[in-house]
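A.B. asks: Below: one structure in structure tokens.
The values are calculated or read from the model by the stated rules, or taken from the named source; none is laboratory data. Note that the structure is a prediction, hence the values are computed from the model and not measured. Cβ placement follows ideal geometry from the backbone for every residue including glycine, while neighbour counts extend to all protein chains displayed.
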Amino acid sequence: MAAPDRFSQWKEMARQHPTYPLTRAVHVDAIKNDAVDLPFLPRALHVGTAGTIRMDTAGVTINTTLEVGWHPISPTRIHSTGTGALQITAWD
């Protein structure tokens, strides 16, 4: 039997309304690159059009699918190859 997800209600709320002040933003669609890191380490990503994303975080390359909304993810790089999600904004 799988353990219940006691944080499911908080995950959705965090995606919709981050609770900390976000001070800087960069539109990732314009600067995503397979060889260059983001200009700062974001505290969250906002995705406007759901899709796959290929990113580096903590020294590991991850391929995942993100829904529309806020995601408490801190990638160092978002690759142009393998990223189908659009309207991605990185926030600090």
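A.B. asks: Of everything in region 69-92 that's within 16 Å of residue 49 (Cα to Cα) and out of contact with any Lys or Arg (no Cβ under 8 Å at 6 or more places or on another chain), which residue is surrounded by the most Cβ atoms within 10 Å (Cβ to Cβ)?
C.D. replies: By that ranking, first place goes to 90.
A.B. asks: Evaluate the following for residue 67: is it of a type in the set (Asp, Glu) and modelled with pLDDT of 90 or more?
C.D. replies: yes
A.B. asks: Something else about it: Looking at residue 23, is it on the phi < 0 side of the Ramachandran plot and at pLDDT 90 or above?
C.D. replies: No: the conditions fail for residue 23.
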